[in-house]
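The values are calculated or read from the model by the stated rules, or taken from the named source; none is laboratory data. Predicted model, so just to flag it, every value in this text is computed and none were measured. Neighbour counts are summed over all protein chains in view; Cβ atoms, including those assigned to glycine, are modelled from backbone coordinates with ideal geometry. SASA here: full protein model, heavy atoms, side chains in, ligands and nucleic acids out. Shrake-Rupley method; radii C 1.70, N 1.55, O 1.52, S 1.80 Å.
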Amino acid sequence: MSRCTTLALILVSMLNLTACDRAGAGAARHEYTVTATVGMITDIVKQVAGDRAQVEGIMKEGIDPHLYKPTRSDVVKLLNADVVFYNGLMLEGKMGDVLIKVARKNRHVYAVTEMLQEQSEGYVMTDQLGHYDPHVWMHVGGWMKAVQAVARALSDYDPDYADFYQDNARSYLEQLGRLDEYAREAIGSIPERQRVLVTAHDAFKYLGRAYGIQVRGIQGISTESEAGVRDINELVEFLVANEIGAVFVETSVADKNVRALVEGAGARGHTVRIGGKLFSDAMGPPGTYEGTYIGMIDHNVTTITRALGGTAPPRGMQGRLAIDDG
């Protein structure tokens, strides 16, 4: 065997060993997999799990979870995951059968709102018909309880690293505490008469209860509900009578009904503008500040506050919000 051939074989062996080492390191870093449904849950699981788990979310930016139908690949991800987190309270309405199937095959399936209810009785809101409101993340203080619930669930699954999960949760909760304080101060700066939030659907009741702002949605808690002409006319009359100057569209809901409000108020001699686009059931694009839970809420609070006459920095609590040039 020639010297060149021997060197080539040694080099190939070294490359193979390096590749194996890298594969082994990668496997060791992510000891198990977690699949979550909506982005708000995916984000907090990533914060708590750290490098222990590979965390993947199913629903991306601009997706309406009320109407979302899982694909075949979604079902595979759920069935193959070691741990599954979903919101519950019918938010993922069309995924119900799949989640039941997954729960039967995998006992590590957690509904975040169910865990939240267990530790905070009376927190979950209902509408006039008694339907549960699933949008629990809109109150930062409530979502902090969800973070604690996720930390407990991961500690139960992976008990040797319980301290690690609790430490991660504590660090994240400190950030959320500052966000909660910012939301309260910013919305509190809106003149009381203008402290009214009108949106495409009823996704902001928890925000309203927590931070003292009246909330009106054109559609109900679920976007599956239809808004009729009467609903829109009643809201138009409300806007005119109360001299409300801004309404808001949502990233995951069609804006036609909100624009009908603007046109209807204009026909009655009252000018209403679109105050901005809010994140309701989905966060912003992955890799952006708005694509995190903190960025999502910072964007919403800042947008609402500034549009309704309150005081908030143009780029939000941390100076990281994207500037909307539209």
Exercise for review: Count, please, the residues in the stretch 176-209 that happen to be touching a helix residue (DSSP H, G or I) at 6+ places or on another chain (Cβ under 6 Å), open to solvent by 10 Å² or more (accessible area, probe 1.4 Å) and closer than 20 Å to Leu116 by Cα.
Suggested key: 1
Revision key, fill the gap. The one condition Tyr86 fails out of (1) surrounded by fewer than 18 Cβ atoms within 10 Å (Cβ to Cβ); (2) within 15 Å of the chain's Cα centre (by Cα); (3) aromatic (Phe, Trp, Tyr) is (1)
Check your understanding: Any idea which of Ile323, Ile294, Ile304 is among the β-branched types (Val, Ile, Thr) and within 15 Å of Glu250 (Cα to Cα)?
Key -> Ile304
Review point. Among the candidates Gln117, Gln148, which residue alone is modelled with pLDDT of 95 or more and open to solvent by 40 Å² or more (accessible area, probe 1.4 Å)?
Key: Gln148
Point to revise | Which listed residue is within 21 Å of the chain's Cα centre (by Cα), within 27 Å of Tyr289 (Cβ to Cβ) and in contact (Cβ under 8 Å) with a residue 24 or more places away in the chain, from Leu78, Leu91 | key: Leu91
Point to revise | Residues that are closer than 23 Å to Glu181 by Cα and of a type in the set (Asp, Glu), drawn from the stretch 192-222 | key: Glu192
Revision key, fill the gap. Inside the stretch 68-117, the number of residues satisfying the requirement of being in contact with a Gly (Cβ under 9 Å, 6 or more places away or on another chain), part of a loop (DSSP other than H, G, I, E, B) and not aromatic (Phe, Trp, Tyr) is 1
Practice item. Would you check if Gly316 is open to solvent by 20 Å² or more (accessible area, probe 1.4 Å) and more than 20 Å from Ala203 (Cα to Cα)? Key: no
**Study point:** Unmet criterion (only one of (1) part of a helix (DSSP H, G or I); (2) within 20 Å of Val140 (Cα to Cα); (3) open to solvent by less than 30 Å² (accessible area, probe 1.4 Å)) for Leu261
**Key:** (2)
Practice item. With the condition kept exactly as written, say whether any residue in the stretch 133-156 is touching a residue at least 24 places away in the same chain (Cβ under 8 Å), among the acidic types (Asp, Glu), out of contact with any strand residue (DSSP E or B) (no Cβ under 7 Å at 6 or more places or on another chain) and within 28 Å of Asp298 (Cβ to Cβ). Key: no
Check your understanding: What number of residues within the stretch 291-313 are open to solvent by less than 10 Å² (accessible area, probe 1.4 Å), part of a helix (DSSP H, G or I) and over 21 Å from Gly62 (Cβ atoms)?
Key -> 1
Exercise for review: Search the stretch 35-65 for residues being under 14 Å from Phe279 (Cα atoms) and in a helix (DSSP H, G or I), and hand back the single one that is least open to solvent (accessible area, probe 1.4 Å).
Suggested key: Met40
Study note, to complete from the structure: Within the stretch 271-290, the count of residues that are out of contact with any Ser or Thr (no Cβ under 9 Å at 6 or more places or on another chain), of a type outside the set (S, T, N, Q) and either assigned to a loop (DSSP other than H, G, I, E, B) or under 19 Å from Ala254 (Cβ atoms) (or both) comes to 6
Point to revise | Positions within the stretch 141-161 being of a type in the set (Asp, Glu) and assigned to a helix (DSSP H, G or I), in sequence order | key: Asp156, Asp160
